[in-house]
Amino acid sequence: MAALAVALVPTAPAGQLLAQDTYKLPPQEVVDILDAPQAPMVLVSPDHSVLVMAHRHNMPSIDDMSQPMLRLAGRRLNPMTNALFSPSMVTGYSLMDVESGAERSVNLPGEDGWGTPRFAPDGAHFVTTRATTEGTELWIVDVASAQARRLLGPVLNGTGGYPCDWIDGGSMLCYLIDENRGPAPEKPLVPTGPVTQESIANDSPVRTYQDMLKNPHDVAVWSYYRTSVPALVDAGSGAVTALAEPDLYAGVEASPSGEFFLVNRMVKPFSYLVPEYRFPMSVEVWDAEGRMVDQLVEIPLGEGIPIGGVTTGPRNHFWVAGMDHTVGWLEALDEGDPRVEVELRDKLVFAEAPGMAGWDVIQTEHRFAGLIRGEGSLAFLSEYDRPSRLARTWKLDLGDADADAELVWERNSEDRYGDPGRPVMALSEDGEYLIRQRGNWIYLDGTGSSDDGDRPFLDRMNVNSFDTERLWRSEAGVYEDMVAMLDNEGHRILTRFESPTDPPNYYVRDLRSGERRALTAFPDPAPQLAGVSKEFVTYTRDDGVQLSGTVYLPVDYQEGERRPAFVWAYPREYSNPEVAGQVRGSPYRFPRITGSSHLFLLTQGYVVFDGATMPIVGGDTANDTYVEQLVASADAAVAKLDELGVADPNRVGVGGHSYGAFMTANLLAHSDLFEAGIARSGAYNRSLTPFGFQNERRTFWEAPEIYFAMSPFMNASKINEPILLIHGMADNNSGTFPIQSERLYHALQGLGGTVRLVMLPNESHGYRARESVMHTLAEMIEWMDRWVKNPPERIISDGF
């Protein structure tokens, strides 16, 4: 049936270029929703007394996205701002008092280029960056007066991330540009020779990383912009004290005592294969004057790290919270290779800096997954085994070397229903994140997943008995999530509340009285969609796996109508059917529609089946039956729409982004369930990702039949429904090179398929510019109208 629709339509000549001088706009109702003011981003102060609201533009412009970009060593740098490429949307800040609800605006000299606020540990100030055409500045805001002043001019170096971090309430550690660096290296007009790489019996299986260094000039440019000067900055006067000479610093962190610094410096040889975080590192301890007092290790180049593995030798050095200057690190006991069978896989080592011998804290059966500190010597350590999805948490007493670790939790990491929550953390006055604790009790913040959807909760747990007590849980039929505890007893909390009809807003909730007081009153940004209805549905595919999703009905939907429909999904792998069938998310959240969301199709009369689950069950070998399970899930989704009586099963489209685009192309190749598809920023030829993709750990040479069977490119001759391919021309996601969409287009064009390719200038894996977002939605709506709402053989008989 779908193939017939294609055959009845005159096709454009093969390879015809379609004139497009300007960006398209979608229908006006979509434009109005996208351009409506959005609620600000909210940040809570460390003492939870103040909310900082960052007001913002909805989207950057294509002018913003056309700023200069350098794609080097796995990073994207803006040479104009000397920072990571990320056009700012923040226009200003306001401060809201949590107790009174009073709001004050922060005085700022303009509305462009502002960054993310970062609070001092005492909450008295926060700093923010401002990107200008001369570089990036540092500004500080006094919370009491709401007054802002520039602390440093355009001298910050943000190419490694946020350029400043608080050491205490009065000083920061910042990365500055080298004032003596001179002009940036110019690309030679005439090459000096070929670019050469060589590998002799060197096992280096690496992912298909993008934006790698490609030649000596790239190395010179990357080194020029990544070189920085670590310096101490006085928060009062702005006085700068350089700690050391300019170098390629991957990280400089002050010890809890402030007496020492832990330094990671990138050193040669660099690589054309891996990002900078796998470059060789010298890990050092410096004193307060910036003198190296101990070199802990030289970490080698990470080209040969097994996929899913870690480097051999000491790795991941960090200051241990709650100790003056103790360094912790990890060492693999399995040669860093997860495929090696061993009884113990990792060990955690501590050493008091500088120059002291290290001692083993604990050896873990599985890979180390994190360490957090509580009061005194209390700590919790996590380990994780990927093949079995087993996650464990242990209680440690770091003050007693002879004390045995106590098992707190052991669970399947995919089991959302059994998730006990995460310990609530708090920023101490010393700037350390520690577990929030009252006596022998700590607090756990969890998602509360259930068959009714997520119902977030706050528990407290006794650290001796591990008994838990529920303090609060979101009511049924709404969605309320704890943002912060407002006291140390768990009596008052700050929450973010929403429901299908109430937009998200912030509340102070008293858990003893049950009183809830509104702090904010952000309006519905899209009242045009107020009549949209949605229903969370569950259903079962042929093999018994439970599936779920949310069915949205447009504002003008009349009961009994069968409308054209669109299914949007993203496949995920699971170890077993039980966890695969668990409900994820909440059907009671407010339908917030932004960006290039597929939900905008609701404005055009479509039924939308959002988040229709497409589980691929079987753990590390789930992909052996990927196609069969995918088609079975899609078939069940279309059947559910038919059963509900809201959609015409002969007028259903399918779409997805990234792995969802991969899914879309496969469904069109291996089924006739859908009239057309929309695939955005996908990968379609798995031989171009030969060392694994998504959760597939086998290489192309270990499982070539799987790579071929799963590749829509290899099955392009079977795609007999129209497909719209959209891709950002600057996509930097591993595996989804823009050439993936180009090559699938070429294959379908050559085979006589119906396909349209839209390449978005200056866009990465997601689409940000207003022009790009509008154009994407215009293309999606036009494609659905053309091939699903009014498929060619129905235009006269029963067009919608």
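The values are calculated or read from the model by the stated rules, or taken from the named source; none is laboratory data. Predicted model, so just to flag it, every value in this text is computed and none were measured. Neighbour counts are summed over all protein chains in view; Cβ atoms, including those assigned to glycine, are modelled from backbone coordinates with ideal geometry. Side chains are part of the model used for accessible areas, which takes the heavy atoms of the whole protein and leaves out ligands, DNA and RNA. Shrake-Rupley method; radii C 1.70, N 1.55, O 1.52, S 1.80 Å.
Here are some notes:
- Any hit, the range 641-654, residues being buried (at least 21 other Cβ atoms within 10 Å of the Cβ) and in a helix (DSSP H, G or I): yes
- Single condition Val221 does not satisfy, out of (1) at pLDDT 95 or above; (2) open to solvent by 20 Å² or more (accessible area, probe 1.4 Å); (3) out of contact with any Ser or Thr (no Cβ under 7 Å at 6 or more places or on another chain): (2)
- Strands (runs of 3 or more DSSP E) wholly inside the range 395-475 containing at least 2 residues that are acidic (Asp, Glu), surrounded by 14 or more Cβ atoms within 10 Å (Cβ to Cβ) and touching a strand residue (DSSP E or B) at 6+ places or on another chain (Cβ under 6 Å): none
- Residues in the range 303-362 that are among the acidic types (Asp, Glu) and either in contact with a helix residue (DSSP H, G or I) (Cβ under 7 Å, 6 or more places away or on another chain) or assigned to a loop (DSSP other than H, G, I, E, B) (or both): 7 in all.
- Top-ranked residue of the range 247-273 - restricted to ones that are modelled with pLDDT of 95 or more and within 25 Å of the chain's Cα centre (by Cα), ranked as most open to solvent (accessible area, probe 1.4 Å): Glu253
- Screening the range 529-613 for strands (runs of 3 or more DSSP E) wholly inside it with 1 or more residues that are open to solvent by 20 Å² or more (accessible area, probe 1.4 Å) and not aromatic (Phe, Trp, Tyr) returns the ranges 533-540, 546-553, 572-574, 607-610.
- Test for Gly160: is it open to solvent by less than 40 Å² (accessible area, probe 1.4 Å) and in a loop (DSSP other than H, G, I, E, B): no
Rundown of residues vs (1) within 30 Å of Asp64 (Cα to Cα); (2) open to solvent by 30 Å² or more (accessible area, probe 1.4 Å); (3) in a loop (DSSP other than H, G, I, E, B); (4) not hydrophobic (A, V, I, L, M, F, W, C), yes/no style:
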position	(1), (2), (3), (4)
Tyr707	no, no, no, yes
Leu725	yes, no, no, no
Ala730	yes, no, yes, no
Tyr767	yes, no, yes, yes
Ser772	yes, no, no, yes
Thr776	yes, no, no, yes
Val788	no, no, no, no
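- Among residues of the range 262-283 that are free of Cβ contacts under 8 Å to residues at least 24 places away in the same chain, those with a Cβ under 8 angstrom from a residue that is open to solvent by 20 Å² or more (accessible area, probe 1.4 Å) and among the acidic types (Asp, Glu), sequence gap 6+ or separate chain, pair up as Arg265/Asp247; Pro280/Glu298; Ser282/Glu298.
- Counting only strands (runs of 3 or more DSSP E) that sit wholly inside the range 182-273, those with at least 1 residues that are of a type outside the set (Gly, Ala, Ser) and within 22 Å of Gln295 (Cα to Cα) are 229-234, 249-254, 260-266.
- For the range 58-93, a tally of residues being surrounded by fewer than 18 Cβ atoms within 10 Å (Cβ to Cβ), free of Cβ contacts under 8 Å to residues at least 60 places away in the same chain and assigned to a loop (DSSP other than H, G, I, E, B) returns 4.
- Looking across Asp487, Asp502, one residue alone is farther than 14 Å from Val424 by Cα and either open to solvent by less than 10 Å² (accessible area, probe 1.4 Å) or part of a loop (DSSP other than H, G, I, E, B) (or both). It is Asp502.
- Filter result (open to solvent by less than 10 Å² (accessible area, probe 1.4 Å) and part of a strand (DSSP E or B)) within the range 97-129: Trp114, Phe126, Val127, Thr128
- Just one of the listed residues (Leu25, Leu17) is in a loop (DSSP other than H, G, I, E, B), out of contact with any Lys or Arg (no Cβ under 9 Å at 6 or more places or on another chain), modelled with pLDDT of 95 or more and surrounded by fewer than 18 Cβ atoms within 10 Å (Cβ to Cβ), namely Leu25.
Yes/no per residue for (1) under 15 Å from Val297 (Cα atoms); (2) at pLDDT 95 or above; (3) crowded, with 20+ Cβ neighbours inside 10 Å:
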site: Gly308; (1), (2), (3): no, no, no
site: Asn316; (1), (2), (3): yes, yes, no
site: Ala321; (1), (2), (3): no, no, yes
site: His325; (1), (2), (3): no, no, yes
site: Asp334; (1), (2), (3): no, yes, no
site: Arg339; (1), (2), (3): no, no, no
site: Glu343; (1), (2), (3): no, yes, no
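- The residues on offer are Ala235, Ala231, Ala242, and the sole one that is within 30 Å of Trp139 (Cβ to Cβ) and in contact with a His (Cβ under 7 Å, 6 or more places away or on another chain) is Ala235.
- Number of the exception - Ser717 against (1) surrounded by fewer than 17 Cβ atoms within 10 Å (Cβ to Cβ); (2) hydroxyl-bearing (Ser, Thr, Tyr); (3) in contact with a Gly (Cβ under 8 Å, 6 or more places away or on another chain): (3)
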